[in-house]
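This report refers to the structure that appears directly beneath it.
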Protein chains: 2
Amino acid sequence: MANSPTGDSMVQRVVRVLESFDSGRVSQTASEIARRSQLPTSTAHRIVGELVETGLLERDESGAVRIGLRLWELTTRGSRALGLRQLAMPFMAEVQAVVREHTQLAVLEEHEVLFIERLSARNAGANVTRIAGRLPLHASSSGLVLLAFAPPELQEAVLSGPLREVSQETITDPRRLRSKLAEVRRLGFASAPGFIEQVSSGIAVPVRDGSGTVIAALSVVLPRERAGDQEAVLVLKRAASRITEAIAATGFLSR
Amino acid sequence: MANSPTGDSMVQRVVRVLESFDSGRVSQTASEIARRSQLPTSTAHRIVGELVETGLLERDESGAVRIGLRLWELTTRGSRALGLRQLAMPFMAEVQAVVREHTQLAVLEEHEVLFIERLSARNAGANVTRIAGRLPLHASSSGLVLLAFAPPELQEAVLSGPLREVSQETITDPRRLRSKLAEVRRLGFASAPGFIEQVSSGIAVPVRDGSGTVIAALSVVLPRERAGDQEAVLVLKRAASRITEAIAATGFLSR
């Protein structure tokens, strides 16, 4: 089906064009897209032109293109990220009202943590997390929760792979990581003081669906001196159980 | 470029597959997609298969597919909806803290109102708005604001087109709509009591960029008896000017 000389199909080429966009390059020319997606310039120009025609990409005043609102709209309406996020939002707001820093919701995606929502106070402390941004599993409180309750194969894959040092305090020793994961399962929460930024600490709890499977991590990011904040842990645990009740009541994840 | 007998290109066919998803059908089989996107079943199956392989669609336990988190992630990271939404969010939260019903952010998209964010209190009243959902321009407070400050050609197009009666109180007479738009410009806000649902009232204000162009509408939805809530109008106007200041400070829309 319309395979190129390199054997990739038109669908794959469209995907490569879309994948060339990220938060660091929200606006690109067709030539930049060609280079980043390793497509012949003429192919990239044609695909970009067609995507602009259908509204999936938008051209700005300078002639560069960006992801179109139309694509955001289609994707957001149909995505399970939005379902979970909408359902969790009121409970996240309640956590945020107590903690008043950053409150976040994340899921496991391709061996990384993908953040699907973040609420932040206007004067909140440092936090690298972005909506639709990712972090490594071993280096964030959300990742530690998702990893601790992940299938054993995934745990072993992460434990046997390279463990990148994001900050001086990131756990990079597989034995220490293994015992940290056991601790997370025992305590029902993960804290990651300074694992990403020395001045901040994450605290995360698992969010379960109606059958008890961990499907997300609910977390806060606090200034480092609040790393041991027991009220935050309690508030997070209470919110997570209420999200579970809401999931069980609506059954939205099985729809 | 791989045109089908009906003359549509592969890119257009991919777009039609993606467009067959919406909030009413977040999960579909490839055959349903074929029917809805009017593609030959074999074509739909092939495109769906390739989109699943690249992670842009996800297959669930039943074999049906839905929009993949990967596509949501790409789209959300690169979209101007997220930039505006992130920037406006703290100010929306402040409106919501006072109004305690629904607070929303919307933009003009293809002659309709597209909602890019909604915050709702857990016990808030009726509100049909959905994130990534649309409403007609003449029938919502956000739409009236966006229309009142839209280019004259768009105003004339809407005024000369059919004005659908969403509720008994929707303005469907072009002359009355014209004078309503003049009122919105004069007062600097739009109220739409019962225009969509008899029990609710929307109040919206324009959000301007640094150059004074209206780029969004900030709104609340309140129970009908609060339709004349002057505090809501003041809070909305204050939040809108602060969003404008933030836009001007970061210049994010011109990036």
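Tabulated results
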quantity: Residue in the range B:193-212 that is out of contact with any Asp or Glu (no Cβ under 9 Å at 6 or more places or on another chain), surrounded by fewer than 14 Cβ atoms within 10 Å (Cβ to Cβ) and under 23 Å from B:Glu110 (Cα atoms) present; calculated: yes
quantity: Every residue from the range B:117-132 that is without any contact (Cβ under 8 Å) to a residue 40 or more places away in the chain and within 19 Å of B:Val205 (Cα to Cα); calculated: B:Glu117, B:Arg118, B:Leu119, B:Ser120, B:Ile131
quantity: Scope the range A:17-73; condition closer than 20 Å to B:Thr54 by Cβ, surrounded by fewer than 18 Cβ atoms within 10 Å (Cβ to Cβ), more than 9 Å from chain B (Cβ to nearest Cβ) and in contact with a helix residue (DSSP H, G or I) (Cβ under 8 Å, 6 or more places away or on another chain); matching residues; calculated: A:Gln38, A:Pro40
quantity: Failed condition for B:Val52, given (1) on the phi < 0 side of the Ramachandran plot; (2) assigned by TED's automatic domain parsing to the domain that holds B:Pro206; calculated: (2)
quantity: Residue that is away from every other protein chain (no Cβ under 11 Å), more than 15 Å from the chain's Cα centre (by Cα), surrounded by fewer than 18 Cβ atoms within 10 Å (Cβ to Cβ) and at negative phi, where the choices are B:Ala97, B:Ala126; calculated: B:Ala126
quantity: Tally, over the range A:100-123, of residues that are out of contact with any strand residue (DSSP E or B) (no Cβ under 8 Å at 6 or more places or on another chain) and more than 9 Å from every other protein chain (Cβ to nearest Cβ); calculated: 3
quantity: Subset of the range A:225-236 (residues that are in a helix (DSSP H, G or I), surrounded by fewer than 15 Cβ atoms within 10 Å (Cβ to Cβ) and not hydrophobic (A, V, I, L, M, F, W, C)); calculated: A:Glu225, A:Gln230, A:Glu231
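The values are calculated or read from the model by the stated rules, or taken from the named source; none is laboratory data. Nothing here was measured: the structure is a model prediction, and the numbers come from that model. As a convention, Cβ positions derive from the backbone with ideal geometry for all residues, glycine included, and neighbour counts pool all protein chains shown.
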